[in-house]
Amino acid sequence: MKLNPIQRRRLLFILLIIIAVALATALALYALQQNINLFYNSSQIAAGQAPLNHELRLGGMVQANSVKRMPHSLAVNFIVRDNAKSVRVSYVGILPDLFREGQAVVVEGKLTVQGVVQADQVLAKHDEKYMPAILK
Amino acid sequence: MWLWINKFAAPKNFYQIAGTIIPWTSILCALLFLYGLIGGLILAPPDYQQGDAFRIIYVHVPSALLSMLIYISLAIAAVINLVWRIKLADIIIAVSAPLGAAFTFLALSTGAFWGKPMWGTWWVWDARLTSELILLFIYLGVIALRAAIPLQESAARASAILLIVGIVNIPIIHYSVAWWNTLHQGETLTLTGASLIAPAMLHPLWAMILAFICYAKTIILIRARTEILRREKQSQWIQAFLRN
């Protein structure tokens, strides 16, 4: 590729802009790392890293055989866990279609002193696998 | 090679070459859409969890991919425009920015339609969704900036710089699901290794992706030809061309 001196200077200048902007963005994202994560893991909550009585999100798997519905109401209790620790969740409301035991969820709510997350909203997290029913 | 590129990039030659390419890309686009739509909407089996709702993937994934591919091409065109001052590069930027914005909007809206029943919410401020929204704003910014500056050359330079600065957002969109906890799922498609989707569902998806690419190419070429006619209307070859 032929570059005369003026073109070379322009190209260098553009590269410099890209590097500077990338560096600035990387530093900003690094500083904000915790805030960009959408949710806490159940291990982080069990370890006491999450603030009490503050709006937060908890992500993990719904533990098998842990979903207990209260009769005559929309109240439901279940346990969310990752591969180490588990956290109890209680929720009153309508659950999304994909909510089921063994599925990933993101729960939005407040952590109480008893270590239970009082949820205002339950979101189902879909995984990246797609397959027909027959293969399941 | 270099001479050849310069020759190709001359508006007059590009106008003619694009004219011969357009019918072929249109036919290819129609065939791919036919295969992809029939395969995706009728032949592919329903997902074991989402049922038929998963079929929005055949629009969502191609438009999200295109929103980024078009942006990358525009950023490359912006560098070419700034360094070599090739007129064609700015024409491509001018005509493809609205198309990129449209694909970004389509990706965001189809995602929201899918998210409401599946996740339980239209929108969540996770890293993937937010960075894609920023991409939409960058596209709109490029369009607005061009419209706000009356002098064509200044508009070209300003929008090129904005496009180059905005390129940092592209890797963030792509890797957001790997770098942070997000509600959005990780990558289903991989070029290397096995994709996490059943083959009967995968073939139509690739067809739809290629169809979207052909569609974008066709539209950009058609719009670029129109833009060339508008910008070069004083030049001799167009005067001669119009007289025939």
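The values are calculated or read from the model by the stated rules, or taken from the named source; none is laboratory data. Predicted model only: the values in this text are computed from it and were never measured. With ideal geometry, Cβ positions are generated from the backbone for all residues, glycine too; neighbour counts draw on all protein chains shown. The accessibility values were calculated without ligands, DNA or RNA, using every heavy atom of the protein model including side chains. Shrake-Rupley method; radii C 1.70, N 1.55, O 1.52, S 1.80 Å.
Filtering segment B:220-235 to residues that are under 20 Å from B:Gln152 (Cβ atoms) and open to solvent by 40 Å² or more (accessible area, probe 1.4 Å) leaves B:Arg223, B:Arg225, B:Thr226, B:Leu229, B:Arg230, B:Arg231, B:Lys233, B:Gln234.
Among the residues of segment A:107-119, write down those that are away from chain B (no Cβ under 14 Å), under 10 Å from A:Leu56 (Cβ atoms) and open to solvent by less than 60 Å² (accessible area, probe 1.4 Å). Matches in segment A:107-119: A:Leu111, A:Val117. Could you say whether any residue in segment B:91-102 is in contact with a His (Cβ under 8 Å, 6 or more places away or on another chain) and of a type outside the set (Asp, Glu)? No, segment B:91-102 contains no residue that is in contact with a His (Cβ under 8 Å, 6 or more places away or on another chain) and of a type outside the set (Asp, Glu). Checking each residue in segment B:17-51 for being of a type in the set (S, T, N, Q), part of a helix (DSSP H, G or I) and surrounded by 14 or more Cβ atoms within 10 Å (Cβ to Cβ) picks out B:Thr25, B:Ser26.
Quick check: is even one residue across segment B:58-72 of a type in the set (Ser, Thr, Tyr) and either open to solvent by 40 Å² or more (accessible area, probe 1.4 Å) or over 21 Å from the mean Cα position of the chain (by Cα) (or both)? So far as segment B:58-72 goes, no, none of its residues is of a type in the set (Ser, Thr, Tyr) and either open to solvent by 40 Å² or more (accessible area, probe 1.4 Å) or over 21 Å from the mean Cα position of the chain (by Cα) (or both). Might you let me know whether segment A:120-134 holds any residue that is among the small types (Gly, Ala, Ser), within 11 Å of chain B (Cβ to nearest Cβ) and over 14 Å from the mean Cα position of the chain (by Cα)? Within segment A:120-134 (the criterion being among the small types (Gly, Ala, Ser), within 11 Å of chain B (Cβ to nearest Cβ) and over 14 Å from the mean Cα position of the chain (by Cα)), the answer is yes, since at least one residue qualifies. Of all residues in segment B:145-177, those satisfying the criterion of being away from chain A (no Cβ under 13 Å) and either in a helix (DSSP H, G or I) or basic (Lys, Arg) (or both) are B:Leu145, B:Arg146, B:Ala147, B:Ala148, B:Gln152, B:Glu153, B:Ser154, B:Ala155, B:Ala156, B:Ala158, B:Ser159, B:His174. Number of residues in segment A:74-106 that are at the interface with chain B (Cβ under 9 Å from one of its Cβ atoms) and more than 17 Å from B:Met118 (Cβ to Cβ): the value is 0. Taken together, the residues in segment B:89-120 that are surrounded by fewer than 18 Cβ atoms within 10 Å (Cβ to Cβ) and touching a Leu at 6+ places or on another chain (Cβ under 7 Å) amount to 1.
I'd like to verify a number: residues in segment A:8-62 that are open to solvent by less than 60 Å² (accessible area, probe 1.4 Å), within 11 Å of chain B (Cβ to nearest Cβ), under 22 Å from A:Val80 (Cβ atoms) and in a helix (DSSP H, G or I), how many? Residues that pass the stated criteria total 2.
Residues checked against (1) away from chain A (no Cβ under 12 Å); (2) farther than 14 Å from B:Ala207 by Cα; (3) of a type in the set (Ser, Thr, Tyr):
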| position | (1), (2), (3) |
| --- | --- |
| B:Cys29 | yes, no, no |
| B:Gly39 | yes, no, no |
| B:Asp47 | no, yes, no |
| B:Tyr58 | no, no, yes |
| B:Leu69 | yes, yes, no |
| B:Leu74 | yes, yes, no |
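Of the residues making up segment B:131-144, just one is within 14 Å of chain A (Cβ to nearest Cβ) and open to solvent by 40 Å² or more (accessible area, probe 1.4 Å), namely B:Ile134. Restricted to segment A:63-106, and to residues there that are touching a helix residue (DSSP H, G or I) at 6+ places or on another chain (Cβ under 8 Å) and not in a strand (DSSP E or B), the residue that is least open to solvent (accessible area, probe 1.4 Å) is A:Leu98.
When B:Arg55, B:Arg85 are screened for being over 30 Å from A:Pro5 (Cβ atoms) and of a type in the set (Lys, Arg), only B:Arg55 passes. Of the residues making up segment B:193-219, those that are open to solvent by 30 Å² or more (accessible area, probe 1.4 Å) and either away from chain A (no Cβ under 14 Å) or in contact with a strand residue (DSSP E or B) (Cβ under 8 Å, 6 or more places away or on another chain) (or both) are B:Leu196, B:Ala200, B:Leu210, B:Ile213, B:Tyr215, B:Lys217, B:Ile219.
I'd like to know if segment B:171-179 contains one or more residues that are open to solvent by less than 20 Å² (accessible area, probe 1.4 Å), more than 30 Å from B:Thr20 (Cα to Cα) and in contact (Cβ under 8 Å) with a residue 24 or more places away in the chain.
Yes, segment B:171-179 contains at least one residue that is open to solvent by less than 20 Å² (accessible area, probe 1.4 Å), more than 30 Å from B:Thr20 (Cα to Cα) and in contact (Cβ under 8 Å) with a residue 24 or more places away in the chain.
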